[in-house]
Amino acid sequence: MSTTVIELTDIRKTYRTGDVEVHAVNGVSLSIKPGEFVAIMGSSGSGKSTLMNMLGCLDQPTSGSYLLDGVNVAKLGRAELSRLRNQKLGFVFQSFNLLARTTACENVELPLFYTNPHVPLRERRQRAIKALEKVGLGARLYNHPNQLSGGQQQRVAIARALVNEPELVLADEPTGNLDTRTSIEVMGLFQALNDAGITVVMVTHELDIAAYCQRIIVMRDGRIIRDDFNKARIFASDQRAALDASEQHASLS
Amino acid sequence: MLQALTSSLLRAGLTAMIAFRALRRNKMRSILTALGIIIGVASVVSIMALGRGTQRRIQDQVSSLGSNLLIVFSKSRRTNAAAAGSGVSSNLTLQDVEAIRREVRSVQAASPEVTLTAQAVAAGRNWSTTIAGESPSYLRIRDWPLARGSMFTEREVRSAARVAVIGSRTARELFGPLNPLGQTVRIKNMPFTIIGQLKSKGAGIGGANQDDRIVIPYTTAMRRLTGEKYPRLVTLQISSDGLMSAAQEQVTALLRQRHHLTAERKNDFDIINQKEIADTVNSITNSLTYLLGGIAGLSLLVGGIGIMNIMLVSVTERTREIGTRIAVGAQPRDILLQFLIESITLSLFGGAIGVALGYGVSAAASMIPNFHPSVSIGSVVVAFGISFIVGVFFGFYPARKAANMNPITALRFE
Ligand SMILES: Nc1ncnc2c1ncn2[C@@H]1O[C@H](COP(=O)(O)OP(=O)(O)OP(=O)(O)O)[C@@H](O)[C@H]1O
Ligand SMILES: [Mg+2]
């Protein structure tokens, strides 16, 4: 076991559209230790998603090196990367990417479908249901994505990221479409995962969501401009209680 | 190792289910795509079936000649009429026939034949028909039973009697439903007494109706009707199938000797071996069938291109789905397999319907009288095999395209 889960050295990602070069990620060096809970913030277009995709082994950097658990990802083939994504990583996409015309349950089962050794159908189903219950969708197991609200779809995507018990969860704006209460639930979920030792890296626009994390990284124009320990960390359980209290107060008055 | 194998096998089965579901979702499109294969397989299977039917029909016709026959033609038969009586030595003589009968032991029966076309008149009706001068063994040689009456005898041959055995068609034309036995038919103004009627035999080689004929003793035909001295051909029946070629050689040798042919001179007669006819006809219909089947097989290629086209469309349409699957850990070979199974399913499905249609065509064609097309298991297996290969071959490129997608590009695809 290496001491860092993620070790980035001068990572760059350059997109070329015609003659214009966009340096979406422009020299990022970063190390994240096991068990950290990191928020990445930054304005739109600052390269957060691009960075996350590379962290999630979905995209290869133009240059720089990425060691995941001490393994140089650039050296891995497509099949090995797939296995890595399947077994070590859970990715929550900004745009959900659920399979249409497929039930929530089957969507969540999908990673297990591709797991080696084979996970039997019954177990896949059980684990998917458990993951969906965790995100509060126990009553929507067999709905198709187009029968779910944006927030519910987001939670299906989270359940899918969790179902294979990854070591590292990467979430690109997992609360972007959620109301306050559900946001608290989801952050509580991530905090619980984190308490269980899972490393979590998430992108968010909102400071009060970032406040749940231990460490806050701010990006601008493809670079990291701040990387701080979160001194005023908040906890989902407290927030939930506060919210309950204020709602009770609102209904009484 | 074993575990990896079983788990990838299990996953192949599950992947097949994904593929089936995708096909079911686009029912109409799947059917239209498979149409090329359906038509291709149906035509291959039905052409092979019809070919077999044709072959059998021809075989039936060849064997309707009788069995184990050698037919000896006089080479001068084309000029026979003109040469009649002119003493040309190359003719087949009745003495030759006698000699064959005597000396070639495997010859069971021999019938010299003289044919002519003439008007037959009876009961005021007129009918142009084939008059065949034959020997009494003719019916046995041709395996041709009588419907009623009897065949003429050797004695009637020797006396060149004016007796006739009438074909069923000719009888119908001349006498209608009446019994022709004992009636008189006039051929070239000569009265013949009808002593027998043949059973119906149907069309012979070339489609000529064998039932339209009057059989009379060859002596009568030669002496009283044509004035010819020589038979045009002699039909020999050999006692067994295995003796055919030996008999052919013996007859040839005998005739060459009798005709005083020196080694360097060619035969002045032709011998046709019934088995050879059958074999030749067989090989011709065979090659025709395979040729046509092959041409029909080309349409399988066209069907394959149709499958490839739709698979490419399908891969493009489902780019985001593919991206998602790869992102959550599908291996390239899982995606490859998923789309390969889809195309193979399409083509095998097309193959199955095509085979069913082929059976249908074959069944419809068997309504034609005396025609018995039959679908061979071989052609079904080949058709399925080719559909499978087409599915793999034309599905591979789209499937590989899907498997090689970059997940992020695929997920961004609009
Ligand atoms: N495939 C691409 N081709 C060209 N340019 C791209 C591509 N993907 C991203 N970019 C550019 O890279 C930059 C960073 O994009 P990215 O999606 O990482 O931003 P982001 O920080 O996630 O923004 P947001 O908060 O809106 O999601 C943007 O300027 C974007 O236009
Ligand atoms: Mg983004």
Give me the compactness ratio for chain B, meaning the Cα radius of gyration over 2.2 N^0.38 Å. 1.55
Reduced to Cα centres, the span from the range A:1-58 to the range B:329-344 in Å works out to 31 Å
Phi to ³J(HN,Hα) by Karplus 6.51 cos²θ - 1.76 cosθ + 1.60 over the range A:8-21, Hz, x for Gly, Pro: 9, 10, 6, 6, 10, 9, 10, 9, 10, 10, x, 8, 8, 9
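Find out how many positive minus negative residues lie around B:THR129, taking Lys and Arg as positive, Asp and Glu as negative, among other residues whose Cβ is under 11 Å from that of B:THR129.
Taking every other residue near B:THR129 into account, the sum is -1.
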Does a label point 7 Å from the Cα of A:ALA79, set along Cα-to-beta-carbon, have any residues of the range B:330-365 with amide nitrogen under 20 Å, and which are they? B:330-341
Looking at the square roots a ≥ b ≥ c of the eigenvalues of the Cα gyration tensor of chain A, which shape do they give, rounded for a/c under 1.5, prolate if a/b is larger than b/c, or oblate? oblate
Simple spin-label model, 7 Å along Cα-to-Cβ: B:ALA356 to B:LEU94 in nm? 6.7 nm
Which of A:THR204, A:ALA250, A:SER237 sits farthest toward the positive end of the charge dipole of the range A:166-253, with +1 on the Cβ of Lys and Arg and -1 on the Cβ of Asp and Glu? A:THR204
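To two decimal places, what compactness ratio does the range B:91-267 give when its Cα radius of gyration is scaled by 2.2 N^0.38 Å?
Ratio of Cα Rg to 2.2 N^0.38 Å: 1.10.
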Within a 10 angstrom radius of each residue's Cβ in B:378-391, how many Cβ atoms of other chains show up on average? Whole number is fine. 0
Length-normalised contact order for chain B - Cα pairs under 8 Å, 6+ apart - percent: 30 percent
If R₀ is 41 angstrom, what is the calculated FRET efficiency for the pair A:ASP10 and B:GLU414, using the beta carbon separation as r and rounding to 0.05? 0.80
Calculated from DSSP H runs of 4 or more alone, at -39500 (n - 2.57) each and per residue, what is the 222 nm mean residue ellipticity of chain B, nearest 500? -18500 deg cm²/dmol
Excluding same-chain residues fewer than 8 positions from B:LYS275, which lysines have a Cα within less than 24 Å of its Cα? B:LYS75, B:LYS201, B:LYS266
Relative contact order of the range B:328-387: what whole-number percent is it, with Cα pairs under 8 angstrom and at least 6 residues apart? 37 percent
Using the Karplus curve 6.51 cos²θ - 1.76 cosθ + 1.60 with θ = phi - 60°, work out ³J(HN,Hα) for each residue of the range A:53-58 in order, rounded to whole Hz, and write x for Gly and Pro. 4, 6, 4, x, 6, 8
Kirkwood hydrodynamic radius, computed over distinct alpha-carbon pairs, for the range B:186-338: how many Å, to one decimal? 23.8 Å
Scattering from the C-alpha atoms of the range A:168-236 alone, worked out with Debye: what is log10 I(q)/I(0) at q = 0.24, 0.27, 0.28 1/Å? -1.18, -1.41, -1.48
Checked the range A:90-206 with the C-alpha gyration tensor, a ≥ b ≥ c its square-rooted eigenvalues, rounded below a/c of 1.5, otherwise prolate if a/b is larger than b/c and oblate if not; verdict oblate
Report the net charge of residues surrounding A:ASN86, where surrounding means a beta-carbon distance below 11 angstrom and charges are Lys +1, Arg +1, Asp -1, Glu -1. +2
To the nearest whole number, what is the average tally of beta carbon atoms from other chains within 10 Å of the beta carbons of peptide B:326-339? 6
Given a Förster radius of 60 Å and the C-beta distance between B:PHE388 and A:LEU252 as r, what FRET efficiency does 1/(1 + (r/R0)^6) yield to the nearest 0.05? 0.25
Please give the calculated 222 nm ellipticity per residue for chain A, where each DSSP H segment of at least 4 residues contributes -39500 (n - 2.57) and the sum is spread over every residue; nearest 500 deg cm²/dmol? -11000 deg cm²/dmol
Using only the Cα atoms, work out Rg/Rh for the protein assembly as shown, with Rh taken as the Kirkwood radius, to two decimals. 1.38
Where nothing but the Cβ of Lys and Arg (+1) and of Asp and Glu (-1) is charged, how large is the charge dipole of the range B:131-172 around its Cα centre, in debye to the nearest 20? 160 debye
How high is the relative contact order of the range B:91-267? Use alpha-carbon pairs under 8 Å, at least six apart in sequence, and give a whole percent. 31 percent
Can you tell me the FRET efficiency between A:GLN214 and A:ALA100 if r is taken as the Cβ-Cβ distance and R0 is 41 Å, rounded to the nearest 0.05? 0.65
Residue-count net charge about A:GLY77 - beta-carbon cut-off 14 Å; Lys, Arg +1, Asp, Glu -1: +4
For the range B:91-267, give the share of DSSP beta bridges that are antiparallel, in percent and rounded to the nearest 5; count only bridges with both residues there. 75 percent
The protein assembly as shown, dipole about Cα centre (Lys/Arg Cβ +1, Asp/Glu Cβ -1), debye to the nearest 20: 2920 debye
Karplus (6.51, -1.76, 1.60) ³J(HN,Hα), θ = phi - 60°, over the range A:101-117, in Hz, Gly and Pro reported as x: 6, 9, 5, 3, 4, 5, 4, 6, 5, 3, x, 5, 4, 9, 7, 10, x
Give me, ordered by chain and number, the residues 5 or more places off A:SER95 or on other chains with an amide H under 5 Å from its own placed amide H. none
Report the antiparallel proportion of the DSSP beta bridges in the protein assembly as shown as a percent, rounded to a multiple of 5. 70 percent
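No lab work stands behind these numbers, since they all come straight from the coordinates. Quick caveat: nothing in here was measured; it's all calculated off a predicted structure. A quick note on method: Cβ atoms are made from the backbone with ideal geometry, for glycine too, and the neighbour counts reach across all protein chains shown.
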